[in-house]
Amino acid sequence: MKVLFLLGFIFFSMAAHGKRMERCEFARRIKQLHLDGYHQISLANWVCLAQWESGFDTKATNYNPGDQSTDYGILQINSHYWCDDGKTPHAANECKVRCSELQEDDLVKAVNCAKKIVDQQGIRAWVAWRNKCEGKDLSKYLEGCHL
């Protein structure tokens, strides 16, 4: 009985906290979803971005008190412009998704929304990319991934 309880607790905890993907797992998944080379943005740029935005955590959130918005998911997509979380004032919801959908482990909606962001603003829309990835040698982000 104790073992079943413990297994149930572990499963519930994993479901509630989401998935922290491995670096190469993330790279493979976004390559499958055709993000590599989108608007000439290399796979290494996306891996660097996700490393610094969320630590590859699909359920990551970050509240921004200035505009009362929240960034969601592995790519930290903002509720003020891109998704609807039901609480951000004057949200535009340009991606036409609930913010919680950007936290799904399959990454489909997060990648589709990221493409829309890049279409409109480019990868410079992400502050972490500008601060940690732009102009840097990013080869280490794909090292050992065998892509």
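Looking at the chain, the accessible area is 58 square angstrom per residue; that uses a 1.4 Å probe and ignores ligands, DNA and RNA.
Could you work out what % of the accessible surface of the chain is carbon and sulfur, using a 1.4 angstrom probe and leaving DNA, RNA and ligands out of the count?
54 percent
Quickly estimate the mean residue ellipticity at 222 nm for the chain, helices only: each DSSP H run with n ≥ 4 gives -39500 (n - 2.57), and the total goes over all residues, rounded to 500. Taken over the chain, the calculation gives -12000 deg cm²/dmol.
In this structure, D105 and C24 have a Cβ-Cβ separation that, at R0 = 22 Å, corresponds to a calculated FRET efficiency of about 0.85.
If you keep only loop residues by DSSP, which trypsin sites (Lys or Arg not before Pro) in segment 87-147 have at most 11 other Cβ atoms within 10 Å of their Cβ?
K87
Here the contact order of the chain, divided by its residue count and restricted to Cα pairs under 8 Å and six or more residues apart, works out to 23 percent.
Only one of (i) 10.3; (ii) 15.3; (iii) 13.2 was calculated from the structure for mean projected area of the Cα convex hull in nm², and its label is (i). In angstrom, the C-alpha Rg and Dmax of segment 61-147 are 14.0, 44. Cross-link partners for K31 among the lysines, with Cα-Cα distance under 26 Å and sequence neighbours closer than 8 places in the same chain left out: K19, K59, K96, K109, K115, K116, K132, K136, K140. Within a straight-line Cα-Cα reach of under 19 Å, K87 can be paired with the following aspartates and glutamates, leaving aside sequence neighbours fewer than 8 residues apart in one chain: D67, D71, E101.
Each of W52 and R98 was given a label point 7 Å from its Cα along the Cα-to-Cβ line. The distance between the two points is 3.3 nm.
The values are calculated or read from the model by the stated rules, or taken from the named source; none is laboratory data. In this text, all values refer to a predicted model and were calculated from it rather than measured experimentally. Note that we place each Cβ from the backbone using ideal geometry, even for glycine, and neighbour counts take in every protein chain shown. Surface areas here come from the heavy atoms of the whole protein model, side chains and all, with no ligands, DNA or RNA. Shrake-Rupley method; radii C 1.70, N 1.55, O 1.52, S 1.80 Å.
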